[in-house]
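Asker: The structure follows.
The values are calculated or read from the model by the stated rules, or taken from the named source; none is laboratory data. Everything numeric here is computed off the predicted structure, so don't read it as measured data. Cβ sites come from the backbone with ideal geometry, for glycine too, and all protein chains shown count toward neighbours.
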Amino acid sequence: MNAQALHGHLDALLLAVLERGALHGYAIIEALRARSGGALNLPTGTIYPALRRLERAGYVSSVWSTVNGRERRTYELTGAGHRALAGERTSWQQFSSTVGQFLGGVPSPGAPA
């Protein structure tokens, strides 16, 4: 699945991954890949700008650390990020329910078109 297909949903996916705890950038990419069964194999050029956007919005905070002599940035949700994720989940449920009425299967006989 490419980044364009995720347009409008990437931020929510990143917030959901970080809900489980703080992660560095590569671990976020790996979590997206693992939790999607490999369907979300997104490049760093897609993930890192989104993380910076979420940080500017106050939904994510980050700290730099040195691990095995390498600098890496670890991201975690803020209180505002938890609230934003709750809102994203509500919006997603409403959206998927509505779209599911059209794409969820064959309408029953006599159902309005």
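Results for (1) assigned to a helix (DSSP H, G or I); (2) touching a Ser or Thr at 6+ places or on another chain (Cβ under 6 Å), shown as yes or no for each residue.
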| residue | (1), (2) |
| --- | --- |
| 64 | no, no |
| 75 | no, yes |
| 80 | yes, no |
| 90 | yes, no |
| 99 | yes, no |
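Asker: Taking residue 25 and the conditions (1) modelled with pLDDT of 95 or more; (2) closer than 20 Å to residue 76 by Cβ, which numbered condition does it fall short on, given that it satisfies the others?
Answerer: For residue 25, the exception is condition (1).
Asker: Under 7 Å between Cβ atoms, at least 6 apart or on separate chains: pull out the pairs that start in segment 34-50 with a residue that is assigned to a loop (DSSP other than H, G, I, E, B) and end on any residue that is among the basic types (Lys, Arg).
Answerer: 40/33; 41/33
Asker: Can you tell which of 21, 37 is of a type outside the set (A, V, I, L, M, F, W, C), surrounded by fewer than 17 Cβ atoms within 10 Å (Cβ to Cβ), within 21 Å of residue 92 (Cβ to Cβ) and more than 13 Å from the chain's Cα centre (by Cα)? Steps first, please.
Answerer: On the way: 21 fails: within 21 Å of residue 92 (Cβ to Cβ).
Step by step, each of 21, 37 is checked, and only 37 is of a type outside the set (A, V, I, L, M, F, W, C), surrounded by fewer than 17 Cβ atoms within 10 Å (Cβ to Cβ), within 21 Å of residue 92 (Cβ to Cβ) and more than 13 Å from the chain's Cα centre (by Cα).
Asker: Scan segment 60-81 residue by residue and report those that are acidic (Asp, Glu) and either under 14 Å from residue 28 (Cα atoms) or touching an Asp or Glu at 6+ places or on another chain (Cβ under 8 Å) (or both).
Answerer: Once the filter is applied, which keeps residues that are acidic (Asp, Glu) and either under 14 Å from residue 28 (Cα atoms) or touching an Asp or Glu at 6+ places or on another chain (Cβ under 8 Å) (or both), segment 60-81 yields only 76.
Asker: Just need a number here: residues in segment 74-91 that are modelled with pLDDT under 95 and over 16 Å from residue 10 (Cβ atoms).
Answerer: The number of residues fulfilling the criteria is 0.
Asker: Are there any pairs with C-beta distances below 6 angstrom linking a residue in segment 55-70 that is in contact (Cβ under 8 Å) with a residue 24 or more places away in the chain and under 22 Å from residue 19 (Cβ atoms) to a residue that is assigned to a strand (DSSP E or B) and not polar (S, T, N, Q), with the two at least 6 apart or on different chains, and if so which?
Answerer: Once the first residue is in contact (Cβ under 8 Å) with a residue 24 or more places away in the chain and under 22 Å from residue 19 (Cβ atoms) and sits in segment 55-70, its partners that are assigned to a strand (DSSP E or B) and not polar (S, T, N, Q) give 60/75.
Asker: For segment 45-59, give me each residue that is under 17 Å from residue 26 (Cβ atoms) and either basic (Lys, Arg) or surrounded by fewer than 12 Cβ atoms within 10 Å (Cβ to Cβ) (or both).
Answerer: Of everything in segment 45-59, those that are under 17 Å from residue 26 (Cβ atoms) and either basic (Lys, Arg) or surrounded by fewer than 12 Cβ atoms within 10 Å (Cβ to Cβ) (or both) turn out to be 45, 49, 52.
Asker: Going by the conditions given, is residue 20 of a type in the set (D, E, K, R) and outside any helix (DSSP H, G or I)? Talk me through it step by step, then tell me what you get.
Answerer: Values: of a type in the set (D, E, K, R): yes; outside any helix (DSSP H, G or I): yes.
In short, yes.
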